[in-house]
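Undergrad: Mind looking over this structure? Questions follow.
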Amino acid sequence: MGGAEVSLEHLYKVFTMPEGKSSKLAQIEQHLSDNLAGFLSQHVVTTVKSLEQIEKNFSEYAVPEQPEFVSEHAANLLDKLVANSVNTYSPTFIGHMTSALPYFHLPLAKLLVGLNQNLVKIETSKAFTPLERQVLGMMHELVYGQSSDFYRTYLHSANHALGAFCSGGTIANVTALWVARNKALPATPQFRGVAYEGLAAGLQHYGIKKMGVLSSRRGHYSLSKSVDLLGLGREQLLTIDCPTQRLSAEKALAVGKQYQAEGNKILSIVGIAGTTETGHVDPLDELADVAAELGCNFHVDAAWGGATLFSRTYRTLLKGIERADSVTIDAHKQMYVPMGAGMVLFKDPNDSNAVRHHAQYILRAGSKDLGATTLEGSRNGMAMMVYASLHIFGRQGYELLIDQSIEKAKTFARMIQSNPDFELITAPTLSLLTYRLNPEALQSKIDSMPQLASALNLELDQLNVVIQKQQREAGKSFVSRTRLQTEKYNTQAITVFRVVIANPLTTELDLQNILDEQLALATKTKIWQKLCAKHKKAG
C-alpha cells in the first residue's frame, strides 16, 4: 500500500473531513466512548517489556518525509504507544496519585480540543476567561471563605486576581514563591524592586545575606526547583527532618530564628497538606503562627490534600489553611480532572500584581488578560474541565468521594495490621499509607532485640524491593515504593510500599488480593525463605 497523497487537497481533508465510521480512528473513538475500561483492558498489554525494548519503537530521529494515512497512524499508536502505556484506570493501580476519570471528561476533552482556546488573552478565549476566574473564585471561597461582597468585588476585577491556573503543582508552587519573593523585596524610592533590578540588588538594598525557604523533608521536589529558578539557590531550601512525617512548628521556629540571626531572611514557610509520600498534613495553624513570628510568607502546598476541604467530616485536618498567604491545589488529583489542572490561590487579591507583566500586542494595562499574572503564556482551557466537575459532582459529591477514599485507606490499614507478615509503617491521615512485608519471626526479633533492627531492616529492604518489582512486572496490580525515616527506627531509612487510595472503583477485595499476591510472591523468593529459616526461633 502506498503512502498518503502529498497535496493541498489531501491536507484540507485532514483539517475538515473525518474518516468514515469503519476507519481505525473512528473505531478507537467509539470504543473509548462506549467502554473506556474495556478499551484500556483490551489494548494496554500487561506483558513484561523493558523500556529499552519500547525505545526501539521510537528510535527514528528524522521527520517523516511522506504523510501517513490517519487510520494507519492510529493503528501504529495502538501497537507502539497504547499497548505499552500504564492502565491508570485499573482499580488495582494504587501506587500513584493518578486514578480513573469520570466518563464525561472524554467528550468534554474533544470539545476543549475543538475550541482550542488560548487563555493567555481574551482575544483567544473570551468566555473562557470569566469561566476561569469563576472557578478560581469557587476554590478561593472553599479555602478562605470570604464574604459575598469580597467575591463581587474581586472575581472579575481587571486589576486583581484570586489566583492562577497552571499545568500543575510545580508551576503553582513556583508562582506562589515568585509572588512572595517580589513582595519581600519591593520597590522603594531608592530601589525599583527585585522584579526590575534583580535578586542580588534586592538583597544588597535590604541588607540581607541570603534568602531561604523552610519546609519539612517531606516537601515536594518542586520546592527545590523553585529556589533554584528564583535565584535563591538550592542550598537555601532549609528542610527539617520529620520522623513523625509532620513538620514540627517548634523546630521550624528554631531553624528560622537561627537563620535570620545570621543576617539572612526566611522568605516563606511551606506547610504541606497531604505529603506526596505518606499523605500527612503539617500543623498548619501552628506554622501560621511561626510565619507571623518570623515575619515571612506562609504558603501551603495542598496539591494532594486540598480537595479534603470538600468534606465536612475531614476538612478539620487542614485547620489553619485559611491563614496561608497562598495555597496550591491540583484538580487533576483528588478532583478527578485530566492531567494539567493546577491552581495557586492568593488570600490577598492584590498579590498577583507583584508579578504582573504587560506587552503591547496583548496583556495591555487595564485588560483582563489572564496571562498578565500567570507564569505560563499560551495555555489551554482546563478550567472548563474543573468547572464541569464542580457542577456535575457538587460539593456533596466530592465529599462522598473524599470520605470513601479515606475510609477505604483506614480499612486497608486494618487489613495490613491483621496479617502477621506485614507491618504498617505510616497509618493514613488522608488516603495514603505505607507498609512493608516483614515476616512474623523478624517482627518478633526486632521488637524483643531492638539493637538488631538496623541489620534486619537492610535484609527487609532487599525483600521489599524485589517484591515491588515482581508485582509491577506481573501486571495484575501496582503499588509504588519509597524510603522513609520513622520514629520507630530512629534515623534509619527503610524501604516501604506506598499506596494511594484514590480510585473510587477500587474495592476491599482488590486490596485483599494485592496483599495476597505480595505474600504469595514473597514466600517463593529465596530471600524470604532464608530470612524465615534464619530467624524461625525468634520470639
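Undergrad: Any residue in the range 482-502 that is in a helix (DSSP H, G or I) and surrounded by fewer than 22 Cβ atoms within 10 Å (Cβ to Cβ)?
TA: no
Undergrad: Conditions first: (1) among the small types (Gly, Ala, Ser); (2) over 22 Å from Leu318 (Cβ atoms); (3) buried (at least 22 other Cβ atoms within 10 Å of the Cβ). Ala388 passes all but one, so which condition is the exception?
TA: Tallying (1) among the small types (Gly, Ala, Ser); (2) over 22 Å from Leu318 (Cβ atoms); (3) buried (at least 22 other Cβ atoms within 10 Å of the Cβ), Ala388 fails exactly one: (3).
Undergrad: Continuing with this model, one more query. So, Val179, is that one of a type in the set (Val, Ile, Thr), closer than 18 Å to Val355 by Cα and part of a helix (DSSP H, G or I) or not?
TA: It is true that Val179 is of a type in the set (Val, Ile, Thr), closer than 18 Å to Val355 by Cα and part of a helix (DSSP H, G or I).
Undergrad: Also, I was wondering about something else. Taking the criterion of being over 20 Å from the mean Cα position of the chain (by Cα), open to solvent by 10 Å² or more (accessible area, probe 1.4 Å) and within 17 Å of Glu517 (Cα to Cα), would at least one residue in the range 426-439 satisfy it?
TA: No, because not a single residue in the range 426-439 is over 20 Å from the mean Cα position of the chain (by Cα), open to solvent by 10 Å² or more (accessible area, probe 1.4 Å) and within 17 Å of Glu517 (Cα to Cα).
Undergrad: Which of the numbered conditions does Gln245 fail, given that it passes all the others? Conditions: (1) part of a loop (DSSP other than H, G, I, E, B); (2) more than 28 Å from Thr434 (Cβ to Cβ).
TA: Unmet for Gln245, out of (1) part of a loop (DSSP other than H, G, I, E, B); (2) more than 28 Å from Thr434 (Cβ to Cβ): (2).
Undergrad: May I pose another question? Of all residues in the range 172-227, which are open to solvent by 40 Å² or more (accessible area, probe 1.4 Å) and aliphatic (A, V, I, L, M)?
TA: Answer for the range 172-227, where residues must be open to solvent by 40 Å² or more (accessible area, probe 1.4 Å) and aliphatic (A, V, I, L, M): Ala187, Ala195, Ala200.
Undergrad: Name every residue in the range 339-377 that is open to solvent by less than 40 Å² (accessible area, probe 1.4 Å) and modelled with pLDDT of 95 or more, in order of residue number.
TA: Ala341, Gly342, Met343, Val344, Leu345, Phe346, Pro349, Asp351
Undergrad: Six or more apart or on different chains, Cβ atoms under 7 Å: show the pairs whose first residue is in the range 394-421 and closer than 30 Å to Leu442 by Cα and whose second is in a helix (DSSP H, G or I) and open to solvent by 60 Å² or more (accessible area, probe 1.4 Å).
TA: If the second residue must be in a helix (DSSP H, G or I) and open to solvent by 60 Å² or more (accessible area, probe 1.4 Å), the pairs left are Thr411/Glu508; Met415/Gln512; Pro420/Glu440; Asp421/Glu440.
Undergrad: Shifting gears a bit: Specify which of the listed residues (Leu515, Leu511, Leu463) is within 22 Å of Lys445 (Cα to Cα) and outside any loop (DSSP other than H, G, I, E, B).
TA: Leu463
Undergrad: Could you tell me how many of the residues in the range 508-533 are without any contact (Cβ under 8 Å) to a residue 12 or more places away in the chain, closer than 16 Å to Val465 by Cα and under 29 Å from the mean Cα position of the chain (by Cα)?
TA: Final tally of qualifying residues: 0.
Undergrad: Oh, and also: Of everything in the range 447-456 that's assigned to a helix (DSSP H, G or I) and over 33 Å from the mean Cα position of the chain (by Cα), which residue is farthest from Thr495 (Cα to Cα)?
TA: Restricting to residues being assigned to a helix (DSSP H, G or I) and over 33 Å from the mean Cα position of the chain (by Cα), the top hit is Ser448.
Undergrad: Assess whether Ala291 counts as being in a helix (DSSP H, G or I) and closer than 26 Å to Ala195 by Cα.
TA: yes
Undergrad: Within the range 328-347, does at least one residue satisfy the condition of being touching a Ser or Thr at 6+ places or on another chain (Cβ under 9 Å), among the hydroxyl-bearing types (Ser, Thr, Tyr) and either more than 26 Å from Glu286 (Cα to Cα) or part of a loop (DSSP other than H, G, I, E, B) (or both)?
TA: Yes, because at least one residue in the range 328-347 is touching a Ser or Thr at 6+ places or on another chain (Cβ under 9 Å), among the hydroxyl-bearing types (Ser, Thr, Tyr) and either more than 26 Å from Glu286 (Cα to Cα) or part of a loop (DSSP other than H, G, I, E, B) (or both).
Undergrad: Something else: Considering only residues of the range 279-320 that are touching an Asp or Glu at 6+ places or on another chain (Cβ under 8 Å) and among the basic types (Lys, Arg), which is farthest from Asp403 (Cα to Cα)?
TA: This residue is Lys319.
Undergrad: Conditions: (1) touching a residue at least 60 places away in the same chain (Cβ under 8 Å); (2) of a type in the set (S, T, N, Q); (3) buried (at least 20 other Cβ atoms within 10 Å of the Cβ); (4) outside any strand (DSSP E or B). Ser444 meets all but one. Number of the miss?
TA: So the condition that Ser444 fails would be (3).
Undergrad: Looking at the range 111-136 only, could you name the residues that are under 24 Å from the mean Cα position of the chain (by Cα), surrounded by fewer than 20 Cβ atoms within 10 Å (Cβ to Cβ) and more than 30 Å from Glu29 (Cβ to Cβ)?
TA: Gln134
Undergrad: Sticking with this structure for a sec: Can you tell me which residue in the range 80-105 is modelled with the highest pLDDT, limited to those that are assigned to a helix (DSSP H, G or I) and open to solvent by 40 Å² or more (accessible area, probe 1.4 Å)?
TA: Lys80
Undergrad: Let me ask something else. Give the residues of the range 22-79 that are aromatic (Phe, Trp, Tyr), open to solvent by less than 80 Å² (accessible area, probe 1.4 Å) and part of a helix (DSSP H, G or I), sorted by residue number.
TA: Phe39
Undergrad: What's the number of the condition Thr486 fails, among (1) under 24 Å from His280 (Cα atoms); (2) more than 26 Å from the chain's Cα centre (by Cα)?
TA: (2)
Undergrad: Across the range 1-21, which residue is modelled with the lowest pLDDT among those that are open to solvent by less than 60 Å² (accessible area, probe 1.4 Å) and within 23 Å of Glu65 (Cβ to Cβ)?
TA: Gly2
The values are calculated or read from the model by the stated rules, or taken from the named source; none is laboratory data. Note that the coordinates shown come from a computational prediction; the quantities given were computed from them, not determined experimentally. Neighbour counts are summed over all protein chains in view; Cβ atoms, including those assigned to glycine, are modelled from backbone coordinates with ideal geometry. The protein model used for the area step is the full one, side chains on, heavy atoms only, and it has no ligands, DNA or RNA in it. Shrake-Rupley method; radii C 1.70, N 1.55, O 1.52, S 1.80 Å.
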